[in-house]
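The values are calculated or read from the model by the stated rules, or taken from the named source; none is laboratory data. Being a predicted model, the structure only gives us computed values, none of them experimental. Quick reminder, even Gly has a Cβ in these numbers, built from the backbone with ideal geometry, and neighbours come from all protein chains shown.
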Amino acid sequence: MAKVYANTTMASCGGIVAAVALSRARTGKVDLTIVLNGALAGLVSITAGPDTPTIGEAILIGAVGGVLMIMTTYALLHVRLDDVIGAVPVHLSCGIWGTLAVIFSNPESDITVQLIGVGAVSVFMILTSLLVWTLLKATMGLRLSQSEEAIGIDKVETGSLAYPEFATRSVANEN
């Protein structure tokens, strides 16, 4: 168990360091969201097999996850897809990476089995998501009205702003 704890912690550290280094090299800044998602990227990356890597391998697995998280985040921004909490970069890209990374430290693993696992989970999630989104669209809709979007869903649904520091002046002044 101690090895699992150590590897999990070190993979998280690897994810943080890699994400911060790449983000800083690219933007010149360190963003708290990048630090936190770097930690999560490392954790997700090591989760499929935390018992077999060495500490160095765990750090490397987490670091690759941190880089993948940053690259996926920028790719989503480039194609104008909004993922404000970074769920897709952290869980999708790092989950796939972590599942495949098992083959590097576990001699009993097989790339074919890992790929089948990734494929099976992907098919299940695509079908389940398609069903849920179709039901949501048919029952309650998927979008706010344009006026509700301008105000913000937090203000519309709860009556207050979740992040007033990001609000436009006109909406912030209504509070």
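Some values worked out for this structure:
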{"item": "Within region 79-90, considering residues that are hydrophobic (A, V, I, L, M, F, W, C) and surrounded by 15 or more Cβ atoms within 10 Å (Cβ to Cβ), the one nearest to GLY14 (Cα to Cα)", "result": "VAL90"}
{"item": "Boolean, ILE96 is more than 20 Å from the chain's Cα centre (by Cα), under 27 Å from ASN7 (Cα atoms) and either at pLDDT 95 or above or in a helix (DSSP H, G or I) (or both)", "result": "no"}
{"item": "Residues located in region 125-140, provided they are assigned to a helix (DSSP H, G or I) and loosely packed, with under 10 Cβ neighbours inside 10 Å", "result": "ALA138, THR139"}
{"item": "Given (1) at pLDDT below 95; (2) over 15 Å from the mean Cα position of the chain (by Cα), number of the condition ALA58 does not satisfy", "result": "(1)"}
{"item": "Which listed residue, of SER122, SER93, is surrounded by 11 or more Cβ atoms within 10 Å (Cβ to Cβ), hydroxyl-bearing (Ser, Thr, Tyr) and either within 18 Å of SER12 (Cβ to Cβ) or touching a residue at least 60 places away in the same chain (Cβ under 8 Å) (or both)", "result": "SER93"}
{"item": "Condition broken by THR73, with the remaining ones in (1) part of a helix (DSSP H, G or I); (2) modelled with pLDDT of 95 or more; (3) surrounded by 15 or more Cβ atoms within 10 Å (Cβ to Cβ) satisfied", "result": "(2)"}
{"item": "Region 14-30, residues that are of a type outside the set (Val, Ile, Thr) and either buried (at least 16 other Cβ atoms within 10 Å of the Cβ) or under 10 Å from ALA63 (Cα atoms) (or both)", "result": "GLY14, GLY15, ALA18, ALA19, ALA21, LEU22, SER23"}
{"item": "Test result for VAL171, out of contact with any Cys (no Cβ under 7 Å at 6 or more places or on another chain), of a type outside the set (Asp, Glu), in a helix (DSSP H, G or I) and modelled with pLDDT of 85 or more", "result": "no"}
{"item": "Condition met for MET10 (buried (at least 23 other Cβ atoms within 10 Å of the Cβ) and closer than 19 Å to ILE85 by Cβ)", "result": "no"}
{"item": "Among (1) under 30 Å from THR9 (Cβ atoms); (2) surrounded by 14 or more Cβ atoms within 10 Å (Cβ to Cβ); (3) not polar (S, T, N, Q) - the single one PRO107 does not satisfy", "result": "(2)"}
{"item": "Residues (under 23 Å from LEU60 (Cβ atoms) and more than 17 Å from the chain's Cα centre (by Cα)) located in region 113-129", "result": "VAL113, GLN114, LEU115, GLY117"}
